[in-house]
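The values are calculated or read from the model by the stated rules, or taken from the named source; none is laboratory data. Predicted model only: the values in this text are computed from it and were never measured. Using ideal geometry, Cβ is built from the backbone for each residue, glycine included, and neighbour counts are taken over all protein chains shown.
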Amino acid sequence: MSFLYRPGKGPAPDLYSTHGRSEIARIEHAVFTKASCDLAWKVFSDWKRWPSFSNIYASPLEWKGTPWSPGSRLQFKISHPIRTKVDRVITFVTPPRCVARINQVHGYTMEQWVLFDPFIGGGTKVTTWIELTGGDLPAELRETKELLNTILANWFANFSFECDRMAESV
């Protein structure tokens, strides 16, 4: 049995059903930026910028409730890899250090955290991890993880580039 790190909770074992098939998939991604945590959070929390970080958005992003407060919802449609609606509920937020949300997308439920940690020597390490359940997860696990990794890598690379650009202009 392997153990995965959960921020604030320490190691947690991978979860498996009695049939030996994964019930929860975990995906992690991290980027580094020259920007401070405050600046990285400012760029991240400006959700109107998000379409510039990825071409998946098929509709404007809309908030239900006060943006970035627990219980508020961020909803939008994506155009690919499948055309579907994304519904995100903010569960925890402590600017400029982290935000947690529950995402519901195309039959999957995903818990996602985005963490902003000061990096030794300056800058910020931005880490995100997702645990997903639902749908036909065991049968599609590899493809789903690869797809999410590609989307995260693209989004966070563009986000990091914008943070670096803004940090250099300060």
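Quick notes on this one:
- Exclusive hit being closer than 23 Å to GLU143 by Cα, within 20 Å of the chain's Cα centre (by Cα), at pLDDT below 95 and not β-branched (Val, Ile, Thr), set LEU4, LEU15: LEU4
- Annotation: of all residues in the stretch 141-164 being out of contact with any Lys or Arg (no Cβ under 9 Å at 6 or more places or on another chain) and of a type in the set (D, E, K, R), the one that is farthest from ARG26 (Cα to Cα) is GLU143.
A quick yes/no check of all residues on (1) β-branched (Val, Ile, Thr); (2) in contact with a Phe, Trp or Tyr (Cβ under 8 Å, 6 or more places away or on another chain); (3) crowded, with 18+ Cβ neighbours inside 10 Å:
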site	(1), (2), (3)
ILE82	yes, no, no
ARG97	no, yes, no
ASN103	no, no, no
TYR108	no, no, yes
GLN112	no, yes, yes
ILE120	yes, no, no
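- Conditions (1) touching a residue at least 40 places away in the same chain (Cβ under 8 Å); (2) surrounded by fewer than 17 Cβ atoms within 10 Å (Cβ to Cβ); (3) of a type in the set (A, V, I, L, M); (4) out of contact with any helix residue (DSSP H, G or I) (no Cβ under 8 Å at 6 or more places or on another chain); number of the one not met by VAL170: (4)
- Where strands (runs of 3 or more DSSP E) fall wholly inside the stretch 23-105, the ranges with 2 or more residues that are without any contact (Cβ under 8 Å) to a residue 24 or more places away in the chain and of a type in the set (A, V, I, L, M) are 84-94, 98-105.
- Number of the exception - SER45 against (1) surrounded by fewer than 14 Cβ atoms within 10 Å (Cβ to Cβ); (2) out of contact with any strand residue (DSSP E or B) (no Cβ under 6 Å at 6 or more places or on another chain): (1)
- Scan of the stretch 122-167 for residues that are part of a strand (DSSP E or B), over 13 Å from the mean Cα position of the chain (by Cα) and modelled with pLDDT of 95 or more, ordered by number: THR124, LYS125
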